[in-house]
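**Student:** The structure that follows is given in the form of structure tokens.
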Amino acid sequence: MSDLNLMEKIVSLCKRRGFVFPASEIYGGLAGFWDYGPYGVELVNNLKQLWWRKVVQERDDVFGVDGAIIQHPKLWEASGHVAGFTDPLVDCKKCGARHRADHLADTGSTDIAELTELLKDAACPTCGEKALTPPRTYNMMMKTWVGPIEDDSSLAYLRPETAGSIFTNFKNVLDTTHAKLPFGIAQIGKAFRNEIAPRDFIFRVRELEQMEMQYFIDPQMQAAAYESWRQFAWDFMTTELGVREENLQWHEHAENERAHYAAAAHDIYFKFPHGFKELWGTHNRTNFDLSGHARASGQDLNYFDEETKERLTPYVIESSVGVGRMFLAVLADAYREDELGGETRTYLALMPKIAPVKAMVSPLLKNKPELVAKAKEVREELKKVHPAIAWDDNGNIGKRYRRQDEIGTPFCVTIDFDTLGEKSELKDTVTLRHRDSGEQERLTVPEVVERIRSSTSLSL
């Protein structure tokens, strides 16, 4: 299938199977905003929980925080966002459409002079007319007001990234944990960017969720720490999430592509349906943030080394990935179509530990009380291993399997008359169906319990 056709199929599956819905859909939706449905929120939570476990809970040198979405506006002045969190914008004088100038020019540069030259004869993608305004900068931060009076004194911003409150809490975390360099602070939370043209489903949105970790280091170890966190990002995508390496590549930012604070930047690009695009960034932020906030706040944000008796401003290695983009990458990588039973089948080849549902339990016939009772008994046993065990008795067994395939459920457990002892040698056994192959095997309930326990463990 073509890449664009794949995106259409993913969007359709997400709506049909309850992964993602347009926000405020009954009112026509709102560009750049999406709601996650019953199975989408389970997949999102599984991704976040796995990241948190690997970044925070399994390490002794990373600590978590959960900062407020609205912070003091001086934070964003000190960080450079008020002056520098901009995109280049052009308008069409004919149709009124607005476009990212760097996207139209197909360049990583945001230099206004360079873009002006590149786009001097460009046509509007919407109407085809050569009527674009000269590029200009556009600040993407969303404004709000704190309190009952809307004036400059109450102006605030919805945070454009989660890193800000990590830096303002540097001293708090240091004082309460007695951490020693190197150490990190991690956070999962919402951020807001007033994108000029949100598009490509959940790839470019105005409300997003980030998983970020800032690792504070002695400047002398910046190279080693940088490479370590680069490797972590790659291993997480391939080993933990099972994403195929042919769908991933590294992109090193040129100087004119890097964020205003970064001395070095590498992104993992994923082969999304609309091409290889940014997924996970590793950045060397140097001491830009701590130095800037120390100057602006008047607070001492240095680190005192008890052994050397010296003070230093730590460098920071950032590891940052968007939850929505990881979600889309996982779906795109897992999307499969094959022939099974003479029909085309769609399934999501998700790793069991991140699948929204770990197993579906079903009686062969829902109008047979003895089958239903036994199936409920088996389900209760499986739920002792993992709570995400679904029940489905709607339609024939084939349709139930197809539904679960599209949700990405790795196992389907069917209770039939042989389970009840119609064939004495099969009494108390069930049919376990495997999602990817469609193959079935006969196992005892304890064997099924162990199979699901071992395959859905987060430690895999």
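**Student:** Which numbered condition trips up residue 261, out of (1) of a type in the set (Phe, Trp, Tyr); (2) over 28 Å from residue 83 (Cα atoms); (3) in contact (Cβ under 8 Å) with a residue 40 or more places away in the chain?
**Tutor:** Looking at each condition in turn, residue 261 falls short on (2).
**Student:** Taking residue 164 as the residue in question, decide whether it is surrounded by 19 or more Cβ atoms within 10 Å (Cβ to Cβ) and either in a strand (DSSP E or B) or among the aliphatic types (A, V, I, L, M) (or both).
**Tutor:** On the way: surrounded by 19 or more Cβ atoms within 10 Å (Cβ to Cβ): yes; either in a strand (DSSP E or B) or among the aliphatic types (A, V, I, L, M) (or both): no.
For residue 164, the condition - surrounded by 19 or more Cβ atoms within 10 Å (Cβ to Cβ) and either in a strand (DSSP E or B) or among the aliphatic types (A, V, I, L, M) (or both) - is not met.
**Student:** I've got another one for you. Only one of (1) assigned to a strand (DSSP E or B); (2) modelled with pLDDT of 95 or more; (3) out of contact with any strand residue (DSSP E or B) (no Cβ under 6 Å at 6 or more places or on another chain) is not met by residue 339, so which one is it?
**Tutor:** (2)
**Student:** Let me ask something else about it. Going residue by residue through region 80-92, is there one that turns out to be touching a residue at least 24 places away in the same chain (Cβ under 8 Å), under 24 Å from residue 184 (Cα atoms) and surrounded by 17 or more Cβ atoms within 10 Å (Cβ to Cβ)? Talk me through it step by step, then tell me what you get.
**Tutor:** Initial filter on region 80-92 (touching a residue at least 24 places away in the same chain (Cβ under 8 Å)): 80-82, 84-92.
Checking which are under 24 Å from residue 184 (Cα atoms) leaves us with 80-81.
Narrowing further to those that are surrounded by 17 or more Cβ atoms within 10 Å (Cβ to Cβ): 81.
Checked region 80-92: at least one residue is touching a residue at least 24 places away in the same chain (Cβ under 8 Å), under 24 Å from residue 184 (Cα atoms) and surrounded by 17 or more Cβ atoms within 10 Å (Cβ to Cβ).
**Student:** Residue by residue through region 90-114, note down the ones that are within 20 Å of residue 277 (Cβ to Cβ) and either assigned to a loop (DSSP other than H, G, I, E, B) or aliphatic (A, V, I, L, M) (or both). If you could, list the steps in order and put the result at the bottom.
**Tutor:** The first filter runs over region 90-114 and keeps only residues within 20 Å of residue 277 (Cβ to Cβ), leaving 99-110.
Matches in region 90-114: 101, 104, 105, 106, 107, 108, 109, 110.
**Student:** Being among the acidic types (Asp, Glu), in contact with a Gly (Cβ under 9 Å, 6 or more places away or on another chain) and without any contact (Cβ under 8 Å) to a residue 24 or more places away in the chain narrows it down to one residue among 61, 102; which is it? Show your work before the answer.
**Tutor:** Details: 61 fails: without any contact (Cβ under 8 Å) to a residue 24 or more places away in the chain.
Of 61, 102, the one residue that is among the acidic types (Asp, Glu), in contact with a Gly (Cβ under 9 Å, 6 or more places away or on another chain) and without any contact (Cβ under 8 Å) to a residue 24 or more places away in the chain is 102.
**Student:** Could you please let me know if residue 9 is farther than 17 Å from residue 334 by Cβ and part of a helix (DSSP H, G or I)?
**Tutor:** Values: farther than 17 Å from residue 334 by Cβ: no; part of a helix (DSSP H, G or I): yes.
Taking the combined requirement at face value, the residue does not satisfy it.
**Student:** Being of a type in the set (A, V, I, L, M), surrounded by fewer than 17 Cβ atoms within 10 Å (Cβ to Cβ) and over 13 Å from the mean Cα position of the chain (by Cα) is the filter here; which residues of region 24-56 pass it?
**Tutor:** Answer for region 24-56, where residues must be of a type in the set (A, V, I, L, M), surrounded by fewer than 17 Cβ atoms within 10 Å (Cβ to Cβ) and over 13 Å from the mean Cα position of the chain (by Cα): 26, 30, 31.
**Student:** Can you give me the number of residues within region 106-159 that are in contact with an Asp or Glu (Cβ under 8 Å, 6 or more places away or on another chain), in contact (Cβ under 8 Å) with a residue 40 or more places away in the chain and small (Gly, Ala, Ser)?
**Tutor:** Initially, region 106-159 is screened for residues in contact with an Asp or Glu (Cβ under 8 Å, 6 or more places away or on another chain), giving 107-110, 115, 123, 130, 132-133, 137-138, 140, 145.
With in contact (Cβ under 8 Å) with a residue 40 or more places away in the chain added as a condition, the list becomes 108-110, 132-133, 137-138, 140.
Retained after the next criterion (residues that are small (Gly, Ala, Ser)): 108-109.
The qualifying residues number 2.
**Student:** Being under 28 Å from residue 336 (Cα atoms), in contact (Cβ under 8 Å) with a residue 60 or more places away in the chain, of a type in the set (A, V, I, L, M) and surrounded by fewer than 20 Cβ atoms within 10 Å (Cβ to Cβ) is the filter here; which residues of region 411-454 pass it?
**Tutor:** Result: 449, single match.
**Student:** Then there is this: Go through the residues of region 307-329 one by one and say whether even a single one is surrounded by fewer than 18 Cβ atoms within 10 Å (Cβ to Cβ), over 27 Å from residue 80 (Cα atoms) and in contact (Cβ under 8 Å) with a residue 24 or more places away in the chain.
**Tutor:** No: region 307-329 contains no residue that is surrounded by fewer than 18 Cβ atoms within 10 Å (Cβ to Cβ), over 27 Å from residue 80 (Cα atoms) and in contact (Cβ under 8 Å) with a residue 24 or more places away in the chain.
**Student:** Follow-up question, since we're still on this one. Are there any pairs, at least 6 apart or on different chains, whose C-beta atoms fall under 9 Å, with the first in region 395-410 and on the phi > 0 side of the Ramachandran plot and free of Cβ contacts under 8 Å to residues at least 60 places away in the same chain and the second among the basic types (Lys, Arg) and in a helix (DSSP H, G or I), and if so, which?
**Tutor:** Taking only residues 6 or more apart or on different chains, the pairs are 395/403.
**Student:** Can you spot a residue in region 40-59 that is modelled with pLDDT of 95 or more, under 22 Å from residue 166 (Cα atoms), part of a loop (DSSP other than H, G, I, E, B) and out of contact with any Phe, Trp or Tyr (no Cβ under 8 Å at 6 or more places or on another chain)?
**Tutor:** Yes: one or more hits.
**Student:** Let me ask something additional. Condition first: free of Cβ contacts under 8 Å to residues at least 60 places away in the same chain, among the β-branched types (Val, Ile, Thr) and closer than 24 Å to residue 32 by Cα. Can you find one or more residues in region 268-280 that meet it?
**Tutor:** Yes, region 268-280 has at least one match.
**Student:** Then there's this: From the residues in region 343-389 that are among the β-branched types (Val, Ile, Thr) and assigned to a helix (DSSP H, G or I), which one is surrounded by the fewest Cβ atoms within 10 Å (Cβ to Cβ)? Quick ask: steps written out before the conclusion?
**Tutor:** Our first condition is that a residue be among the β-branched types (Val, Ile, Thr); within region 343-389, this holds for 344, 346, 354, 357, 361, 372, 378, 385, 389.
The next check asks that each one be assigned to a helix (DSSP H, G or I); those that pass are 372, 378.
On the way: 372: 18, 378: 24.
Only one residue tops the list, namely 372.
**Student:** To continue, here is another question. Identify all residues within region 12-21 that are surrounded by fewer than 16 Cβ atoms within 10 Å (Cβ to Cβ) and not in a helix (DSSP H, G or I); write none if there are none. Quick ask: steps written out before the conclusion?
**Tutor:** First, pick out the residues of region 12-21 that are surrounded by fewer than 16 Cβ atoms within 10 Å (Cβ to Cβ): 12, 15-16, 21.
Correct list: 21 only.
**Student:** Among the candidates 229, 234, single out the residue that is in contact with a Ser or Thr (Cβ under 6 Å, 6 or more places away or on another chain), assigned to a helix (DSSP H, G or I) and either at pLDDT 95 or above or surrounded by fewer than 21 Cβ atoms within 10 Å (Cβ to Cβ) (or both).
**Tutor:** Values: 234 fails: in contact with a Ser or Thr (Cβ under 6 Å, 6 or more places away or on another chain).
Of 229, 234, the one residue that is in contact with a Ser or Thr (Cβ under 6 Å, 6 or more places away or on another chain), assigned to a helix (DSSP H, G or I) and either at pLDDT 95 or above or surrounded by fewer than 21 Cβ atoms within 10 Å (Cβ to Cβ) (or both) is 229.
**Student:** Those residues that are more than 26 Å from residue 40 (Cβ to Cβ) and free of Cβ contacts under 8 Å to residues at least 24 places away in the same chain, I need them from region 330-342; list them, please.
**Tutor:** To start, the set of residues in region 330-342 that are more than 26 Å from residue 40 (Cβ to Cβ) comprises 339, 341-342.
Matches in region 330-342: 339, 342.
The values are calculated or read from the model by the stated rules, or taken from the named source; none is laboratory data. These figures come from a predicted structure and were not determined experimentally. Please note: Cβ atoms are built from the backbone with ideal geometry, for glycine as well, and neighbour counts cover all protein chains shown.
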